[in-house]
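Data first, discussion second: the structure below is written as structure tokens.
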Amino acid sequence: MADSYNQSTTEYRRSILIQSIIRLVVCIIITIIALFPIYILVINSTRASSDIIMQGVSLIPGGSLIDNFKTLFDPTAANGTYVRSFQMWTGYANSLIIAVSSAVLTVFFSGVTAYGLTVYDFKLKGFATTFILAVMMIPTQVVSTGLLEFMVQIHLNDNYIPLILPAVAAPQVVFFMLQYMKSSFPLDIVEAARIDGCGEFRTFLQISLPILKPAFAVQAIFAFVTSWNNYYTPSMLLISSKPEQRTMPMMVTYVLNNDKVTNFGVNYLVVAISIVPVVIVYLCLSKFIVKGVALGAVKG
């Protein structure tokens, strides 16, 4: 009897070990596939343009990183084409202003909306949820012409306001926040706060927000990255395309589309510089992503 128990225990542990090894191998493979393009991007930013053209893909770093930096920021290099097209600190500042403002507005107003749909019961609650889902299916490009015409009429083109203000209405974020709250948010806490005389807005800020902080952080990260990578809307609304107004994706596009000079090493360097803030955000806030995913999977 004991031998049979020991044998079954050993087989169970072996099965768990094999499953763990398989999961680990799969995760390593997926990680390599995900990081390989970024690795090639960084490697090519250290290589000379001639080496990239002649040798193609290489896994070994080159020795031209400093030269590429000099070409990118030297006013005399390539007749100053790179300096005029890519102003790094200006691009960082413009994109940060838009991305941070959009992320804050998106998370706050989407959180309030999802909180209202979760906590309160009213007649049009189902219709409101369905309407949000319907709006999610409408691409930005469908309404872009009307948005541009409207902004020109009210003289808000060439301005950051139409790039930030639409973040107030983010149906995708509302939907995901709604799912988080339905699966994890204890409504009993809200009822207890009401009995104690706590106001609705205070309940949301001081009680609900700390509980749902991981979910809010995850959506803030996604909203920041989405706004940072957005090229379509800024290129459409910033009509005059003044260098001091361009966002980082706009500057990268100007460099890559330049027909007068093509230096692949410098081009890769420009793209690598543009993704640095996104990488930093993910590395610093990755723990919130894990907590947010776990929060949506556990019934509180």
Going residue by residue through segment 109-126, the Karplus relation 6.51 cos²θ - 1.76 cosθ + 1.60 with θ = phi - 60° gives ³J(HN,Hα) values, rounded to whole Hz and with x marking Gly or Pro, of 6, 5, x, 4, 5, 5, 4, x, 6, 8, 7, 9, 10, 8, 4, 8, 5, x
Choice from ALA193, ALA34, ALA220 showing the highest fluctuation, given a GNM over the chain with Cα pairs closer than 10 Å: ALA34
Hey, rough spin-label estimate for ILE22 and THR140, points 7 angstrom out along Cα→Cβ, what's it come to in nanometres? 4.1
Mind checking the full-extension length gain between GLN206 and ILE66? Use 0.36 nm per residue of separation minus the Cα-Cα distance, one decimal, nm. 45.4 nm
The chain: most fluctuating residue of LEU17, LEU256, LEU124 per GNM, C-alpha cutoff 10 Å: LEU17
Where does the chain land at 222 nm, in deg cm²/dmol rounded to the nearest 500, when only DSSP H runs of n ≥ 4 count, each adding -39500 (n - 2.57), divided by all residues? -23500 deg cm²/dmol
Lys, Arg +1 and Asp, Glu -1 on Cβ, resulting dipole of segment 115-228 about Cα centre, debye, nearest 20: 160
What is the extension gain from PHE73 to LYS242, computed as 0.36 nm multiplied by their sequence separation minus the C-alpha to C-alpha distance, in nm to one decimal? 58.9 nm
Hey, what do the phi angles of segment 81-86 turn into as Karplus ³J(HN,Hα) couplings, whole Hz, using 6.51/-1.76/1.60 and θ = phi - 60°, x for Gly and Pro? 5, 5, 5, 6, 7, 10
About the Cα centre of the chain, what is the dipole size in debye to 20, counting +1 per Lys and Arg Cβ and -1 per Asp and Glu Cβ, all else neutral? 280
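In the calculated pair distance distribution of the chain, what percentage of Cα-Cα distances lie above 28 Å?
Working: 25272 of 44850 pairs.
It works out to 56 percent of all Cα pairs.
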What's the longest bit of the chain with no exposed chymotrypsin sites (Phe, Trp or Tyr not before Pro), using DSSP loop states and at most 13 other Cβ atoms within 10 Å as the test? 1-119
Could you tell me the calculated FRET efficiency between GLN153 and ALA34, based on Cβ-Cβ distance and R0 = 41 angstrom, to the nearest 0.05? 0.40
Of all the Cα-Cα pairs you can form in segment 1-150, what percent are over 28 Å apart? 64
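In the neighborhood of VAL83, defined by Cβ-to-Cβ distances under 14 Å, what is the net charge if each Lys or Arg adds +1 and each Asp or Glu adds -1?
Values: positive: LYS70, ARG84, ARG246, LYS260; negative: ASP74, GLU244.
Combined, the nearby Lys, Arg, Asp and Glu give +2.
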Among ILE66, ILE275, ILE28, residue whose mean-square fluctuation peaks in a GNM of the chain (springs only between Cα atoms under 10 Å): ILE28
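Readers should treat all values here as calculations from the given coordinates under stated rules, not as data from a laboratory. Predicted, not measured: the structure shown is a model, and the values here were computed from it. A quick note on method: Cβ atoms are made from the backbone with ideal geometry, for glycine too, and the neighbour counts reach across all protein chains shown.
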